[in-house]
Structure formats: C-alpha cells, structure tokens
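The structure appears below as structure tokens.
The values are calculated or read from the model by the stated rules, or taken from the named source; none is laboratory data. Owing to the predicted nature of the structure, the values given are computational and were not obtained by experimental measurement. Because the Cβ atoms are built from the backbone with ideal geometry, glycine has one as well, and the counts that use them run over all protein chains shown. Ligands, DNA and RNA are excluded from the accessible area calculation, which covers all protein heavy atoms including side chains. Shrake-Rupley method; radii C 1.70, N 1.55, O 1.52, S 1.80 Å.
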Amino acid sequence: MAELKGATGKIARVDLTTKKVTVVEPPEEVYKKFLGGEALGLYFMVAEGLIDPKVEPFSPQNMVQFMIGPVTGVAPNARSVIVTKSAYNFMTVTTSGGRAASELKFAGWDGIQVVGKSDKPVYIAVVDDNIEIRDASHIWGMSTEEAELELLKSVLAPNEYRESILTEADMTPEWAALRPPKGKGIGAKRLAAAWVIGPGGENGVWYANVITEGARAHGRYGAGAIVGSKNLKGIVIRGTKGHVLADKGKFLQLAREIQASEATNYFWRSFGTAGIGARCANSEDAFPIRNWQWGAWADPTVVKALEGPWMDAASFVKQMACPGCTLHCMYLTEITSKDPLMDGVVTDMPDWEAMGQVGGNLGYCELEGMTPSDPFTGDHWDLMEALAKTQYTTFLHDSNGLDYIEGGALLALLMELIQRNLITPADLDGINLKWGDVHAVDAIVKKIVRKEGIGAVLAKGTWETAKYFAEKKGKPEIMNYPSTGHRYGQPAHDVRGFDKDALEYVTVVRPCEHTGGGGAGFLKKDYPAAIAGQNTQATHNSLVICSFAAGNWAGKIAAMVQAATGWTDFTEDDVVKVGARAYALGRIFNLTTQGIKDPKKEWDTLFPHRWFYDPLPTGSGKGRVAYDGKPEVLYDEALPAYWKTRGWSEDKGVPLADTLKDLGIDDIAEPYAAKLR
Amino acid sequence: MSQNLQERISELQEQLRQGVISRREFLRYVTLLGVSLGAAEALAACAPKPTPTAVAPTAAPPTAAPPTAVPPTAAPPPTVAPTAPPPAAEKQALAGYMLRFNPAICTGCLICAVACADKWATEYFPEEAAKGVNLEFSRIRPMRSQYVDIINVCQDCRLIEWAEGSTKAPCEQVCPQGAISVVPEGQGKPGYTGMGYLNIDRDLCLGLDLCGRCLEVCEDQFGSGISFDPIEKKAQICTRCGGLPTCVEVCPEPGALLFVPLQTNGRYWAHQPEEFFELTYAKLYAERRDV
C-alpha cells in the first residue's frame, strides 16, 4: 500500500482475550471515504458485523475504538473519538479534546481498537510501535485523576532513557563533594498522555465515560462502561514519530491562520462555555432548572452564580488548551465553600453542560424554600454556595468517570419524582433527594457508582429508572418526567424556548446530542442547511477537530485535508459527504442493532412529554411549548420532510439504495438498509 | 550615587545609540561601573542602534538625502503601526537574557514546541523535516500533569566557581567530548546560536546510546533540559535561538513565555519536572499532590 500522509494507515487491534495485538491497514479508498474518527469508526462497526443485534454491548465481541483523523497531530484543536456499541444498545460516538489524541498520531496509529475481555484488570501502554498489555490491579478502583497520574509516569520513550553512567570523575572534585545523593536519575520527563475510566466504568454504570487530563471527557453514551466491561482501566501513549504531512508548509500556514483567528475570539478565551449561562440560556428561556420545570429564573440575579464573569471572579484558577488551540476553553477551579464536603475540591469550571445539568437542574441556585419563580433575597455568598454545589457535582461525576449530562438528567428526575410524591425516600434507600441537597446527591451518586442497593437500578440511567419506578409504583405517569431523548439524557439545551428546534434532537444521529450542528437551519426550517451543518459536524468528528473552532476552520477543512494527505481532489463537497456517510451508517446501525421494525413507534418519537405539554412558566418564552403542543407536526410533517431531503425513506427514515450508492457505501450498508426498508 | 550611575549609563547608551562608541566599548565601560555583564548586555540592547547594520555614522545613508536631513530623534516611519510586531529579520538578538514562563498563564497549547521542532528539524534534518513535524526535535516541551502545565526547557544553570569549582553549565562540565559550550557573540548562526548561549556540537556529541551524561546530571540535580533527537539520538539543548527565541515569538498567551534580562544565576531557577508539577499544583490549588 502506498504510504499515507496525514493518517498513518495503521490501526492497532488489541485483543484482550488472547493478549495479541494485530495491525489493521485499511486501504486508502476507505480513508478517503471516511477520513477517521466517527465515520471510520462507524465503517468498522458496520463492515465487521458489530451492527448485528446478536453482539451484546457488554459482550467480549463488542469492539471499542479510540479513533483520530488525518489532521489530528499538529493541527489546531486536536480531539479523539470513541466509537463502540453503547451500553444503551445504540451507537456510541463520543469525542474529547486533550493531548492523548495527538500523542496517538505521534506514536504512529490512527486508532486503537479493543476487542475481547481480559481475565484481570489491565491497561494498554503504547510507545510508538510497541504496544503492551500490562497489569492494572494497582490502579483498579482508583478515581480517574489518581489512575491517570499513575499511568502518565509508567511509560518513557526510548530517547528519554538510559542506565546511569555518571561518575564523580565526570565532575570537578568540589562539585562531586557537594553533590546531593543521586536518585532522581534519568526519566524525569512527563510526556505521555492517557485515557482512563473511573470506578463508574469499572462497575459497568451505563453512562460511565472515559476521561483524560483529569476533567476532559468522552462523555456520552457510556463508552466507559464498555471499556470497563473489558477489564481495561485505560490507555497510556507516548509517541516519537511525529505527524507526517503531504505539504507541511501549507499545513502549518493554515494552522497559523486558524490559530490567529481563534486568538481573537474572547468568548472562548475569556470564559469557555461558561459564557453561555446568563448571556444565552436564561435569556433564551432554555436553562435546565429543576428537571426543566423552568427554563429561566424569574429573578435574573440567580443566574449570576453560573455565568462566566462571575464564576471567573469567584473561582477560575487556570486556563488549559488542547494541542494547537488558542481558545483554551477549559478552566480549572478550586471550590470555596463553607461546607467541608466541598471546600478545597479541585475540578474544572463547570462548563455549560454541567452548569445546566448538575447546576440549575438540581435546584442548586435557589435559597431553601424558594422556587425559581421567587425573587432572590440572598447575597453573593449564597451564589458562591450555588456555584460550589455545581462544581462539586461536576467533580463527583468526572472523578468517578460518569457522564454528567445523563447523570444530571437522572438526578433531576429522581428529585422531581420526590417533589411530586411519585416516589418516596424509602424508594431511594432512605435518601431524601430534595432540590438543592448536595449531600443527598453525593450519597446517591456514590451508591450508583458502587451499584449498591437502588444504585444498581439507577446505574442503568434515566429512562430505565423511570420505567422501573413506573412499574414498581404502578404509576405510568412517571414516564412523563424523564428528560430523555432516544432513552438518553437530554443535554442543557431546550426546545420550548429560543435555543433549539426539537427536530434537531430528533434527527441527530448521535442520540439526543446537543453538538450535532445545523441548529440555525433547523430553527429556520431550512432542512438542506440543517443537514449540511449536521454533515459538517460529523466530518469534524472524523478529522477530528473541535466544534468550538468550527467558525475558524470554515472554508479551510478541505485545504487542511489536502495539505495533510496530498489528496488534491478532496474538496469542500467531500467534507459534507463524509458526514453524510456517517449519518447514513449511524442511522442504519441504530435501527439494526436494536432490531427496530417501526422506527416512528420504537425510536424516533422517544422524546420528553414535557416538550409538548408543559409550558414554560417564566422568562422570555413564558407559555411556550415545542411545536405549539402538536407533536404530530414534528413527527409526521417535519421529520419526513427532513428524511426526504436526506434521501432517506419518508416512512421509516432508512437511506434509499440510490442514496447509499451515491455515497459509495452501498457495499457495506445496503444489505442492512434493505432489511430495514 | 545610583543617580550618577544611571546618568552615566544613560550617557553611554546615548553614545552607543549615536555610534560614538561600539557595543563592545559600551559593555566594557558599563561593567567597569559595576554592572554585571548580563545586565550590561541588556542595557546595550535597550539602546536602539541608528541602523540595524554596522554602517558608520559618517557614512552616507543608502538614500540620497544628506545625513542632517534625518534628526537623531526622528520618529519611526509612519507606515509601521505601533502595535504591529516588527518582522523577525529586524528583531535584535539579545544577549544576557533568559526565558521566563508563568505556569498560571501557559495553556499548554504546544504551539511553542511545534515551532521549535520545525525550526530545528529543518536545520539539522531538512529531508526529514520536509515530511512533517515531530515534537521530539523541540528543545522546549510543555508538559502536562492534571490541571498543571509546566514548560520544560533548559534553564541555563551555572555551577558556582567558589563552591563547585567551575562556572560552566553542569551539562557542559560533564560532557566528555566538550560538545556543549557557550557560543559567544559574533559567532554561531544568527537566529539559531550564539550571543552567549549554550549550544551542542552535533559532530562531537556521542549520543544517548554511548553517553547521556548531560541528561543524567540535568535530571539528577537540576531540571530536565536536555532531549535527544529521534534519528541520531544526539543531545539537544535550547540555544535561545541565539537571542531571538522562536518560542517566545509564537506564544499566543501574553505573559506566558517571556524573554527578559537575566535576573540571577540560572542555577536558582531550575526545577525538576516532578517538583515543578507538585509545587505549581500546590501554588495554584493550595493543596499537596504527588504526581
């Protein structure tokens, strides 16, 4: 095979059952069609038969893929993607920033695919071509932060190490006499990067995630649960091969342009996603408050606790960037609180999703006995405590390796069920989960992580928990309260206010994802624009780059791919097409693996009752519901129109044979699509 | 007294600026006044020269205008925007400076390392460098432990003569080949080496497989400022690009990485990576943590 540029042409397949590592070398045409990341991962999921319903998510046959793309390495905004079959039995495509992505390219790999199951806890150590499966019993059970620190010091590159040879004869006599005892020696550098799971992933919590750099998460769909099911604690990587590029000069020039334009963006550079809270969400009436019973506080003072400038003044310590990025959207914080449970805990931000999902959503911001409709009578120290609770709950999820979007949706559901007396504290092993009670949250999350008592039920996530209680209590109305789409926690963006159109959540191929792109198109009902946005975002996840830098990369993606790979015929049209392939494969995967016969009944309408029937009580969107309270307009008019625009069947949303042929994926996808039609 | 000293230095700077005395003379006079050489070089750098080249003041300028037409205090040409950095070619190489970095501001974006790696790989391995970018060629390596970014680069340590028997850099002292040495001003390759900064002679270096003493002493007692290229495995050290450091030029975070007059013996500033991580963590988050 011709030597690839940009990508390395090699993917490591690690079989934890046999402890063997093989090298997968996809042909260049496959790289050209799928690039890497999301699209290439989905290609393997379909082409290798993991789409089959017989492959159970937690079975050794399931494959978990850590993927990067052709520009990952020295391009700005490096990210990695994990692709697998989710604990929830749909596709997992979940991305994270961090150095491990670049390091994997420097080690000479486009991805690591893990299959099988180890008989005892292990981690994978990658140093260039050398991949070892090592015992992880010393880090099993550790939090994500602790485990990662252990892994970072466990590998060294060959050019960082040799045996000690220095003697006193190499020094002046005076210096030799003064020299402190030897001991630190060679190998003091820390240039590795790692992905790890926490206790949540080890114990198979369905929404466990994979963490890197302490607080960056491949957050969604329970990738950590699948990693944990293989007895794999993490992967540590050190690469010394660099990033091979077809046209280095052009590539670095484009990179500098992207970096320079990012450096003028003081939205991200000031507060990261923390700039969203007050400035957007509360004014758009789309702030998750108390399981979405409210979308805005009647008194906007409250939202100050969770907005960038205030959080920065109160707690931001340091900013942190992904490789090559000048947006540095992540801010590390140290909690200040009068509550010793929280005081002094080090965590990140919280960023927007956490501010929403484990902040407003859990009733942390109102004073005791108040509701979000009441005026705020506290002072800035009360706001500080609200922030502390949000930060602590973020820490609780990151540290245990859990998705705080799904986790926040679950906790908020339980709190609302208690509020409505649909369940009692006795149903939660005596924990009285009241709005704003961070100690109760702490107790219940620890139960979930250990799968102890009711924790074993809650560990299956929001939707399964609602189903369990609806059945146990004989109260079917409980199913009106889970804030889930496609049976997975709805992120901190609402569809009743002015943030998102409901169709965006319904159609995004990564179930109920908030970063699917195309938002502006959906709000204007311009489906071709929405679809182009979605496809482009799926391509971002295949390159793999960050959606925060989408505007800085706009118009430069094809040029970057060309400079990286040397494919001079790769155009901006192809950029959109890669994403279209990911969408078609993802759709077919989700329907096939779940054995869905009637998508409209079993899949596409699994969205919150509240969207259509519970008007916003306060704020700029007061009285609003999604689609004027007419779900049939969404599901029977908008959705088929969207499917038609995609070239999918209007009754079931299955990609048509011609569409698959146009996309060049009929060879792998048509057999499954034909069965679905 | 200090006022007299300042006045005298200002006079000398003015004379240097006008070309009445040479840079070498300036350094001599200023050090005679009791100023350290490093600080003297910094002062020399603060006295802008009339032209970037060594044209004598009596010589006719390149244009036809008579010399009196340009008063010595003339404002810079109006075409140069005051905020725009001057092109690298016009920047002055600075002697007696040090890299100062602030781990609270650094974001760990690696942009410095990419630029450094590309520059030095192109210098020594042009064929390899044309194929891509490899951070192993970088002399500056931002390193990340959770929530902490530190910059790992040579800190220009010096042994102390009265105590340790030498004023050389420790790595320089233990090199059996004499491959590590200070390249004085006027020697070396402008923009790469010289101006009184360390450099490694790759022809003399034995490489990591045979030697590695420089790395060992650095990591054992000082920092971790030596690295080895991935091809020949020969030692690499930061040369401050001969007084024009590329890393500082490309750093996107104001204040994270500075090239500033040397304040003290470099020995004082070196940190071993582990302790640097742990101290920085303790400073930022008021908590002890082992890395």
Residue that is assigned to a strand (DSSP E or B), more than 27 Å from B:Leu135 (Cα to Cα) and touching a residue at least 24 places away in the same chain (Cβ under 8 Å), where the choices are A:Val114, A:Val126: A:Val114
Total residues in segment B:200-209, condition more than 14 Å from chain A (Cβ to nearest Cβ), open to solvent by 30 Å² or more (accessible area, probe 1.4 Å) and of a type outside the set (D, E, K, R): 1
Given (1) modelled with pLDDT of 95 or more; (2) within 12 Å of chain A (Cβ to nearest Cβ), number of the condition B:Gln221 does not satisfy: (1)
Hey, B:Glu185 over 23 Å from B:Arg141 (Cβ atoms), of a type outside the set (Gly, Ala, Ser) and buried (at least 18 other Cβ atoms within 10 Å of the Cβ) or not: yes
Evaluation of B:Asp118 against (1) within 16 Å of the chain's Cα centre (by Cα); (2) within 19 Å of B:Leu244 (Cβ to Cβ) (one fails), failing number: (1)
Segment A:599-622 residues that are open to solvent by 20 Å² or more (accessible area, probe 1.4 Å), paired with ones that are in a helix (DSSP H, G or I) (beta carbon under 6 Å, 6 or more apart): A:Thr605/A:Tyr635; A:His609/A:Asn480
Subset tally (residues that are among the aromatic types (Phe, Trp, Tyr) and within 11 Å of chain B (Cβ to nearest Cβ)) for segment A:107-138: 0
Only listed residue being outside any loop (DSSP other than H, G, I, E, B), at pLDDT 95 or above and open to solvent by 40 Å² or more (accessible area, probe 1.4 Å), chosen from A:Ala255, A:Ala246, A:Ala260, A:Ala313: A:Ala260
For B:Arg288: the one exception among (1) free of Cβ contacts under 8 Å to residues at least 12 places away in the same chain; (2) assigned to a helix (DSSP H, G or I); (3) more than 10 Å from chain A (Cβ to nearest Cβ): (2)
Residue in segment B:256-268 that is crowded, with 20+ Cβ neighbours inside 10 Å and over 26 Å from B:Pro184 (Cα atoms) present: yes
Any hit, segment B:108-117, residues being away from every other protein chain (no Cβ under 11 Å), part of a loop (DSSP other than H, G, I, E, B) and of a type in the set (Gly, Ala, Ser): no
Checklist (1) open to solvent by 10 Å² or more (accessible area, probe 1.4 Å); (2) assigned to a loop (DSSP other than H, G, I, E, B); (3) at the interface with chain A (Cβ under 9 Å from one of its Cβ atoms); (4) of a type outside the set (Val, Ile, Thr) applied to B:Arg144, failing item: (2)
All helices (runs of 4 or more DSSP H) inside segment B:164-257 with 1 or more residues being more than 25 Å from B:Cys106 (Cβ to Cβ): B:170-174, B:213-221
Criterion: part of a helix (DSSP H, G or I) and crowded, with 21+ Cβ neighbours inside 10 Å - qualifying residue of A:Ala456, A:Ala409, A:Ala443: A:Ala409
One residue from A:Ala409, A:Ala426 being free of Cβ contacts under 8 Å to residues at least 12 places away in the same chain and outside the structural domain of A:Gly516 (by TED's automatic domain parsing): A:Ala426
Considering residues of segment A:322-338 that are among the polar types (S, T, N, Q) and open to solvent by less than 10 Å² (accessible area, probe 1.4 Å) only, the residue nearest to the other protein chains (Cβ to nearest Cβ): A:Thr326
Selection from segment A:37-59 of residues that are on the phi > 0 side of the Ramachandran plot and buried (at least 24 other Cβ atoms within 10 Å of the Cβ): A:Gly37
Any chance A:Cys325 is assigned to a loop (DSSP other than H, G, I, E, B) and within 19 Å of the chain's Cα centre (by Cα): yes
Every pair of residues 6+ apart whose Cβ atoms lie under 7 Å, when the first sits in segment B:157-177 and is within 7 Å of chain A (Cβ to nearest Cβ) and at negative phi while the second is open to solvent by 30 Å² or more (accessible area, probe 1.4 Å) and part of a loop (DSSP other than H, G, I, E, B): B:Leu159/B:Thr167; B:Leu159/B:Lys168
Residues (open to solvent by 10 Å² or more (accessible area, probe 1.4 Å) and within 14 Å of chain B (Cβ to nearest Cβ)) located in segment A:216-243: A:Arg216, A:Ala217, A:Thr240, A:Lys241
Residues located in segment B:104-121, provided they are of a type in the set (A, V, I, L, M, F, W, C) and buried (at least 24 other Cβ atoms within 10 Å of the Cβ): B:Cys106, B:Cys109, B:Leu110, B:Ile111, B:Cys112, B:Ala113, B:Val114, B:Cys116, B:Ala117, B:Ala121
Per-region count, segment A:642-653, residues touching a Phe, Trp or Tyr at 6+ places or on another chain (Cβ under 6 Å), open to solvent by less than 50 Å² (accessible area, probe 1.4 Å) and over 13 Å from A:Thr605 (Cβ atoms): 1
Any hit, segment A:293-310, residues being open to solvent by 30 Å² or more (accessible area, probe 1.4 Å) and within 11 Å of another protein chain (Cβ to nearest Cβ): no
Enumerated helices (runs of 4 or more DSSP H) restricted to segment A:139-204, each holding at least 2 residues that are facing chain B (nearest Cβ under 7 Å), among the hydroxyl-bearing types (Ser, Thr, Tyr) and open to solvent by 60 Å² or more (accessible area, probe 1.4 Å): none
Some residue of segment B:210-228 being open to solvent by 20 Å² or more (accessible area, probe 1.4 Å), on the phi > 0 side of the Ramachandran plot, more than 18 Å from the chain's Cα centre (by Cα) and assigned by TED's automatic domain parsing to the domain that holds B:Ala129: no
Matching residues, segment A:412-435, being open to solvent by less than 10 Å² (accessible area, probe 1.4 Å) and of a type outside the set (D, E, K, R): A:Ala412, A:Leu413, A:Leu414, A:Met415, A:Leu417, A:Ile423, A:Leu428, A:Leu433
Subset of segment A:459-486 (residues that are open to solvent by 10 Å² or more (accessible area, probe 1.4 Å) and touching a Leu at 6+ places or on another chain (Cβ under 6 Å)): A:Lys475, A:Tyr481
Restricting segment A:205-238 to residues that are in a strand (DSSP E or B) and farther than 30 Å from B:Ile226 by Cα, the residue that is nearest to the chain's Cα centre (by Cα): A:His218
Residue within segment A:348-362 that is away from every other protein chain (no Cβ under 14 Å), of a type in the set (Val, Ile, Thr), open to solvent by 10 Å² or more (accessible area, probe 1.4 Å) and over 15 Å from the mean Cα position of the chain (by Cα) present: no
